[in-house]
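The values are calculated or read from the model by the stated rules, or taken from the named source; none is laboratory data. What you are looking at is a predicted structure, and each value in this text was computed from that prediction instead of being measured. Just so you know, the surface numbers come from the protein's heavy atoms only, side chains and all, with ligands and any DNA or RNA stripped out. Shrake-Rupley method; radii C 1.70, N 1.55, O 1.52, S 1.80 Å.
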Amino acid sequence: MTGEPLTADPPWGGALGRPDHSAQLRMSLDEPERFSAVFDTYFAEIHGYAAKRLGPDAASDVAAQTFLEAFRGRSRYDASRAGVRTWLYGIATNVIGKHRRSEVRGLRARARLGPVQDEGGHADRVDARVSAQGLRGRLAGAIAGLSDGDRDVLLLVALADLSHEEVAAALDIPYGTVGSRLNRARRKTREALGGTNPMRDLEDDHG
């Protein structure tokens, strides 16, 4: 898809202050050709998220399917519930959910790779180590052992920088459920890593 880049910053913001473009997407309901601008703005980011979860081979198919489903379901988009970026991450996570066995198999394979170095840090910053060095070593094995729901919440926070509110909107689950799943995922991941901090490196990587 091609189109003019989005320039206006509507009132929705993505994580870390990144602009979201809900106003432009609403216009695409009546002017579907404008959807190409949404594709141009977010495809690389969604592709990167899919690659970190499933590997590069599956990422292009997952990203393409995400935007196809978004285009087909654009009339159901509710800007009062989520920004465009959050909405797309929700669709992408659902598409990834169709590849659960492949994801877990890949994580277990990467668990056999060399360990990710741990240089210490705040023990409760569990989100930060998940992607800076790639999902590998004991970290990958720990994430493979999480339930599907807990893994989705953890990786949306760690890889997509979504807030608790955004994760709730993306997955269409209660806000409180996000907190309980994230706390459980952090605890289990810390335990699997022998009490070390599994999330510091991602924060440093995005720093």
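For this structure, a couple of remarks:
- Applied to the stretch 155-165, the Karplus parametrisation 6.51 cos²θ - 1.76 cosθ + 1.60 on θ = phi - 60° returns per-residue 3J(HN,Hα) values of 6, 5, 6, 7, 9, 9, 6, 7, 6, 4, 4 Hz, with x for Gly and Pro.
- With a 1.4 Å probe rolled over the protein heavy atoms of all chains, the accessible area of Glu165, Glu45 falls in the order Glu165, Glu45, largest first.
- Where Arg74, Arg184 fall by accessible area, highest first, once all protein chains stay in place (1.4 Å): Arg184, Arg74
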